[in-house]
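Read through the structure below, which is laid out as C-alpha cells, and then see the notes.
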Amino acid sequence: MLKQAKEWVIQAGEMSFEKSKQSLDITYKTSHSDLVTKVDKEVEKFLIEKILAHYPDHGIVGEEGTFEKDPDEFDTLWIIDPIDGTINFVHQQVNYVISVAVTHKEKGVFGIIYDPSRDELFWAARGEGAYLNEQRLQNTRLERLEESLICTGLFWNERIEKSKLLEMIYQLPKHCRGIRVYGCAALELAYVAAGRLDAYISLYLNPWDFAAGKMIVEEAGGVITTWEDAPLSYLEAGPLIASNPGLHKQLLSFIQRDL
Ligand code: 2AM
Ligand code: CA
Ligand code: CA
Ligand code: CA
C-alpha cells in the first residue's frame, strides 16, 4: 500500500507542477487569504479515485471535502491535503507539497509529503523510520535554544488570538538564532524531520496539514504535541509544536510563559 501511495502522490505532484503554468481558476473560501484553485480540487479528486478504486472500504478526510462520508465510519482513513501551501503554489510554484497520511484506528500507518518543485519525497512508516527519497532522516539533537532555527506559521483566521500571534512574532526571535516562515505546514514539519529546522510552532493547524508530518517527525526521532504537551490526535485541529527532543520542553515553557 505504501509503495502504491508514493506513486500516486508523485503523480499528483507532477500533475500539479504541470498545471501550475496554466490558468488556476482561483476562488475564495472563508476569507481573502483562504484560496483554492482548480488544481487543489483536481489533485484531491485524482487521489480519491485511486484510493477508492483499490480500497473501497477506506475513508478519506481531504481539505477540499470531495469525499463526504463521516470519518467515524471507517477504521482506515486517508488524510489528504491535495496542495499544502496553496498561496505559494499560486505565487511562486515552489514551497508547496502534496501531503497524504494513512491511519488505522487512530494510529499512524504511514505518511508521505512530496515537494514536486524539488523532487523531494519525505515519507515514514510506523516503526520503519523516516526518509527523504531513500536517505534515512534524523532530526537535530541541538539543546541550546539560542542556537536553534525555529519555524512558525503566520496566517490569519478567526480562531487565532491576536495577543498570541503578536507575542510569537516579538518573543520568539529573542530566544533563538532565527525564524523561518515557509507558508506550508507539511513542508515545515518535513524540514523538522530532516534537520533543516529545529522546531515548528503553529497557532492553529487542521489534521490534513499535520497528519503526514506528524508521522515523519516522530519516525525521525522528534516530538510533536499540543501546546499543553498532550498527544496530538489525527482528527483534531488546534495549536501544535513539533521539535527535536532536546528543545521540546524549553519551547513548551516558552509558550506557557511568553504567549
Ligand atoms: P493550505 O495552503 O493547505 O491552505 C500556512 O502557514 C499554512 O497554514 C499552510 O499549510 C496552509 O495550508 C495553512 N493555512 C493557511 N491559511 C489557513 C487558515 N486560514 N486556517 C488554517 N490553516 C491555514
Ligand atoms: Ca486551504
Ligand atoms: Ca494545508
Ligand atoms: Ca490545502
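The values are calculated or read from the model by the stated rules, or taken from the named source; none is laboratory data. All figures in this text were calculated on a predicted structure; none of them were measured in a lab. Reconstructed Cβ throughout: ideal geometry from the backbone, glycine too, with neighbour counts over all protein chains shown.
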* **Pairs where the first residue, in region 61-87, is without any contact (Cβ under 8 Å) to a residue 24 or more places away in the chain and the second is within 16 Å of ligand 2 (Cβ to nearest atom), C-beta under 8 Å, 6+ apart** => F67/V61
* To do: Give the residues of region 28-43 that are in contact with a helix residue (DSSP H, G or I) (Cβ under 9 Å, 6 or more places away or on another chain) and at pLDDT 95 or above, sorted by residue number.
  => V36, T37, K38, V39, D40, E42, V43
* **Qualifying position, being closer than 19 Å to L121 by Cα, modelled with pLDDT of 95 or more, in a helix (DSSP H, G or I) and not acidic (D, E), among A5, A53** => A5
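Does at least one position in region 208-225 carry a residue that is buried (at least 20 other Cβ atoms within 10 Å of the Cβ) and among the basic types (K, R)? So that I can check it myself, show each step before the final result.
Looking only at region 208-225, we keep the residues that are buried (at least 20 other Cβ atoms within 10 Å of the Cβ), and these are 208-220, 222-224.
Narrowing further to those that are among the basic types (K, R): 214.
Taking every residue of region 208-225 in turn, at least one turns out to be buried (at least 20 other Cβ atoms within 10 Å of the Cβ) and among the basic types (K, R).
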* If a residue has to be over 17 Å from A211 (Cβ atoms), under 21 Å from the mean Cα position of the chain (by Cα) and of a type in the set (A, V, I, L, M, F, W, C) to count, how many in region 52-100 make the cut? -> 4
* Structure fact -> Selection over region 87-115 where residues are assigned to a loop (DSSP other than H, G, I, E, B) and surrounded by fewer than 24 Cβ atoms within 10 Å (Cβ to Cβ) yields a count of 6
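What helices (runs of 4 or more DSSP H) lie completely within region 151-259 and have 2 or more residues being without any contact (Cβ under 8 Å) to a residue 60 or more places away in the chain?
Values: elements: 162-175, 185-193, 207-219, 245-258.
Result: 162-175, 185-193, 245-258.
Can you name every residue in region 133-150 that is part of a loop (DSSP other than H, G, I, E, B), under 19 Å from the mean Cα position of the chain (by Cα) and under 29 Å from I87 (Cβ atoms)? I'd like the intermediate steps shown before the answer.
Within region 133-150, the first condition is being part of a loop (DSSP other than H, G, I, E, B), and the residues that meet it are 133-134, 137-144, 148.
From the residues that got through so far, the ones that are under 19 Å from the mean Cα position of the chain (by Cα) too are 133, 137-140.
Scanning region 133-150 gives N133, L137, N139, T140.
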* Would you mind telling me which numbered condition in (1) at pLDDT 95 or above; (2) outside any helix (DSSP H, G or I); (3) within 15 Å of ligand 4 (Cβ to nearest atom) T66 fails? => (1)
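Could you pull out the residue among I169, I150 that is in contact with a Phe, Trp or Tyr (Cβ under 9 Å, 6 or more places away or on another chain) and either surrounded by 16 or more Cβ atoms within 10 Å (Cβ to Cβ) or hydrophobic (A, V, I, L, M, F, W, C) (or both)?
Numbers: I169 fails: in contact with a Phe, Trp or Tyr (Cβ under 9 Å, 6 or more places away or on another chain).
Within the list I169, I150, the selection yields I150.
Can you name the residue in region 205-225 that is away from ligand 1 (no atom under 16 Å from the Cβ) and β-branched (V, I, T) and is also farthest from L154 (Cα to Cα) among such residues? Spell out how you get there, then give the answer.
Here is the first cut: in region 205-225, the ones away from ligand 1 (no atom under 16 Å from the Cβ) are 215, 218-223, 225.
Filter once more, keeping what is β-branched (V, I, T): 223, 225.
Numbers: V223: 21, T225: 19 Å.
Ranking the qualifying residues of region 205-225, first place goes to V223.
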